[in-house]
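Colleague: Let me begin by handing over the structure; questions about it come next.
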Amino acid sequence: MNLILIAMSKSYKAPLSGVLVLLFFVCFCHGQRGVRIGYIDTEYILENVDDYQAAQSQLDAKVQQWKSQVDQQLAKLETQKKQLDNERVLLTDELIREREEELQIIETEILDYQQKRFGPNGDLMIQRKQLAQPVQDQIFTAVQEIATSKKYDFIFDKSADIVMLYSADRYDISEQVLRTINRTSKREQLKNKKERKAAKEEEAIVQVDNDRDERQKLIDARNATRAEALAKRKADLEAKRAARKKEIEDKKRRVKQAREKARAEKTKKSSPTKVRQETTPEALDTKEEKTPLSKRDARKKELEAKKLKIEAEREKALLEKAAESLPKEDKDSEVQKNQGEAEVKDDEETSKKEKTKPISDREARKKALEAKKKRILAERKEKLEALKRKRDSIKNNRK
């Protein structure tokens, strides 16, 4: 008795007890006659079925489109959150709560959309099952035909849960199954159940997209209204700020004008008295006295004073030396001489003091001091000559 047992990767799962029973029947039948065994590789067959690969490419394109939509929605949500953070200072607590609730609703919708597309029971898993089911049915039908026509006792699936430690290539009938599927696919191309289901899924996706577009329009309209209200409020705040700034500037200008006016009146009242005071001779003298001397004049005066002091000390030393050599009666004349020198010193000190006076008075005083100095020096010279003549006469009388 022939036994045909077919193990499919997706449709049928063989447990360990089934494998043991299968091996028992194989050993039992081996004593009766030779057993024909074959195997297939479902993954290899799926990779080489043109219809399956085309449908898989379409599904991959849809998956990428869904991912792109999710990324765009997440980026837009993040932008709205940042915008709310930036505008939080300008909004009231009620508007902030409303905006946060709307953002929470949008985030929930995005998560629901992700779950709907990529969840365990989402569109991706459903369409993958729908995509693989027709091909699996074709593989099952092709395996039955080959097993019946070729009289195979067992046909295993290499990619199933049954562990095949070794399998010879001569028992691989995957190519035969693949050729059978391709022939059947060409005969029933227009009646392909997969294409009809794919069309229905496309219609369902379009319907979902339309619903999402309507919801997005409502959200955009609400955002536009909110943005308009926010712009109006910003304009009102700017207008109030500008009016307040203008009012402050006007107040400052009025205060400044009043202050300048008061200063001008005060200056006008005090200007005649000030002019009269400055034009008096005493004021002119005081002003001239306050004019600072230059450094060169100060240095020149200092050198002149030092020079006069040295000359006075030198003359004093000469007079003292001459007085020591004179008799006692001549000392009186020396005292007079010293008095004259004291007067010269007093005059010099007076000239120093007078140097601090205005320039015109100082020049006149300087000329007077020079004349007095010349007169004193001439008198001193005459006295010295008289003393010299007297000393010479005394010496002659002694001889």
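Taken together, the values in this text are just the output of simple stated rules run on the coordinates, not laboratory data. Note that this is a predicted model, so its numbers are computed, not measured. Neighbour counts are summed over all protein chains in view; Cβ atoms, including those assigned to glycine, are modelled from backbone coordinates with ideal geometry.
Colleague: Residues with amide H under 5 Å of G38's amide H, sequence separation 5 or more or different chain, H placed in the peptide plane at 1.01 Å from N; which?
Modeller: F154, I155, F156
Colleague: How many nm separate the modelled label positions at F140 and E107, each set 7 Å beyond the Cα in the direction of the Cβ?
Modeller: 4.6 nm
Colleague: Obtain the nm distance between the two label points defined at R299 and K388 by a simple spin-label model: each point lies 7 Å from its Cα along the Cα-to-C-beta direction.
Modeller: Distance between label points: 3.9 nm.
Colleague: Still on this structure, I have one more. For R365 and I310, compute 0.36 nm times the residue count separating them, minus their Cα-Cα distance, and round to one decimal in nm.
Modeller: Values: separation 55, 0.36 × 55 = 19.80 nm, distance 2.21 nm.
Separation in residues times 0.36 nm, less the Cα-Cα distance, equals 17.6 nm.
Colleague: Work out how much length D213 to Q58 would gain on full extension: take 0.36 nm times their residue separation and subtract the Cα-Cα distance, in nm to one decimal.
Modeller: 53.5 nm
Colleague: Run the simple label-point estimate for A378 and L318 please: 7 Å along Cα→C-beta, distance reported in nm.
Modeller: 1.9 nm
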